[in-house]
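Visitor: Have a look at this one.
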Amino acid sequence: MEKIGRLNGIIATLEAGGRPTMAFGRAEREEAIQFGTSPLDGVLFEMEHTPYSASELRDALQFLLNRRRIVEGCQLQPQVTPFVRIPANGAEMNTWMAKQVLDQGVYGVVFPHIATADQARNAVAACRYARPEDAPQYHPKGLRGDAPNTAARYWGLTVPEYYARADVWPLAPQGEIMVVLMIESVEAMANLEEILAVPGVGAIMTGEGDLSQQLGFPRQYEHPVVAEAKRKILAAAKQAGVRIAHPHVTGANVAEVIAEGYDILFTSPSRSYATLEKARSLM
């Protein structure tokens, strides 16, 4: 086990004091191939606002792997670590979607619209296997069903090795699964201290879109009311020692985002049309 090393590249970067960069993407073959050769630390396969399909996710995970990069890296840790944002809102107290994406082999699950500590505990519990009541770090009580074979194969581990690592970080220091909670409502802000105190929360992410809607300034992320709400969420996370992700990092705001202290940076994947633009300029 010691020779294998850390598998979750996002956790590895955080533990090393870095700021991992990720991007939202669709769970599709062609997009996964492109992500597999990118310089990103991770990809978040978006399944909240796109169709939820475990079979398409399985395909995307396989096409994300790049054999050349695996050989050159000489390690099991993927060059681009896959996470998934599931569709179910926190109020639904859903567990089966987390179970299904974890069973495919993802390293992190993003839960949208978490607004209470009970919802946060349910999210963490959904990502943990059951264990004896006298086991260390028993709470939140694991609710994940047992079907490890596909995930163990994807991680490159035996099933016993997978069991030893398939727990939530940082509650379990050796855990390779990261639970990320979306904070995107006034109710969530009111309950944020209790949410952040739930063991096993790996990070939170400010849901600027939905939060700005509820505050009355849709997608006006820099409006003083929205900006102040974001500052309060960031300050609460820092006070609690919980990592926080920024969902909309651009060339225009990246310096500010880093200076403010965000830990995980989500960028938008972009394609360059530089050749086309040059060609047109010569016509």
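Visitor: At 1.4 Å probe size, put D167, D146, D134, D59 in order of accessible surface, largest to smallest.
Guide: Working: D167 10, D146 105, D134 135, D59 55 Å².
Accessible-area ranking of D167, D146, D134, D59, largest first: D134, D146, D59, D167.
Visitor: Tell me the label-point distance for the pair A279, D59, using the 7 Å Cα-to-Cβ offset, in nm and rounded to one decimal.
Guide: 2.9
Visitor: Setting aside same-chain residues fewer than 8 positions from K99, which lysines have a Cα under 17 Å from its Cα?
Guide: Those lysines meeting the cut-off are K141.
Visitor: Ok, one more. Which one, N253, N149, N191, has the greatest fluctuation when you compute a Gaussian network model over the chain with C-alpha springs under 10 angstrom?
Guide: N253
Visitor: Counting pairs of alpha carbon atoms under 8 Å apart in space and at least six apart in sequence, what relative contact order in percent does segment 47-177 give? Spell out each step's value before the answer.
Guide: Working: 195 pairs, mean separation 26.1, N = 131.
Dividing the mean separation by the residue count of segment 47-177 yields 20 percent.
Visitor: Estimate the FRET efficiency between Q174 and A117 by the formula 1/(1 + (r/R0)^6), using the beta-carbon distance for r and 35 Å for R0, to the nearest 0.05.
Guide: 0.85
Visitor: If you don't mind, another one. Given springs between every Cα pair under 10 Å in a Gaussian network model of the chain, which of R153, R68, R144 has the largest fluctuation?
Guide: In the Gaussian network model the winner is R68.
Visitor: Evaluate the relative contact order of the chain (contact order divided by residue number), counting alpha-carbon pairs under 8 angstrom at least 6 apart; express in whole percent. Mind showing how you got there, number by number?
Guide: Values: 556 pairs, mean separation 44.4, N = 283.
Computed over the chain, the figure is 16 percent.
Visitor: If you average the alpha carbon positions of segment 88-165 and of segment 22-47, how far apart do those two centres end up, in angstrom?
Guide: Value for the Cα centre distance between the two parts: 22 Å.
Visitor: Now, a different point. Under a Cβ-Cβ cut-off of 11 Å, what is the net charge of the residues other than Q119 that fall near it, where Lys and Arg count +1 and Asp and Glu count -1? Write out the running numbers ahead of the final one.
Guide: Working: positive: R121; negative: E92, D118, E187, E194.
Overall, the nearby charge balance is -3.
Visitor: With all protein chains present, calculate the accessible area of T150 using a 1.4 Å probe and round the result to the nearest 10 Å².
Guide: About 50 Å², ignoring ligands and nucleic acids.
Visitor: Which parts of segment 71-114 would a label at V186 reach, counting a residue when its backbone N lies under 18 Å from a point 7 Å out along Cα-to-Cβ?
Guide: Those under the cut-off are 113-114.
Visitor: Here is a further query. If r is the Cβ-Cβ distance from Y138 to Y163 and R0 is 22 Å, what FRET efficiency results, to the nearest 0.05?
Guide: The value I calculate is 0.90.
Visitor: Let me ask something else about it. Considering the chain as a Gaussian network with a 10 Å cut-off on Cα pairs, which listed residue, G202, G156, G90, attains the greatest mean-square fluctuation?
Guide: Of G202, G156, G90, the Gaussian network model singles out G156 as fluctuating most.
Visitor: How large is ³J(HN,Hα), in whole Hz, for each residue of segment 166-179 in order, when computed from phi with the Karplus curve 6.51 cos²θ - 1.76 cosθ + 1.60 and θ = phi - 60°, using x for Gly and Pro?
Guide: 7, 9, 8, 9, x, 3, 9, x, 8, x, 10, 9, 10, 9
Visitor: Next up: Using the Cβ atoms and a cut-off under 15 Å, what net charge is assigned to the surroundings of Y262, where Lys and Arg are +1 and Asp and Glu are -1?
Guide: Details: positive: R19, K230, R231, K232, K238, R243; negative: D41, E208, E256, E260, D263.
Around Y262, the charge tally is +1.
The values are calculated or read from the model by the stated rules, or taken from the named source; none is laboratory data. Computed from a prediction, not measured in an experiment: that's the story for all the values here. Cβ: placed from backbone, ideal geometry, glycine included. Neighbour counts: every protein chain shown. Keep in mind that these areas ignore ligands, DNA and RNA; they rest on the heavy atoms of the full protein, side chains included. Shrake-Rupley method; radii C 1.70, N 1.55, O 1.52, S 1.80 Å.
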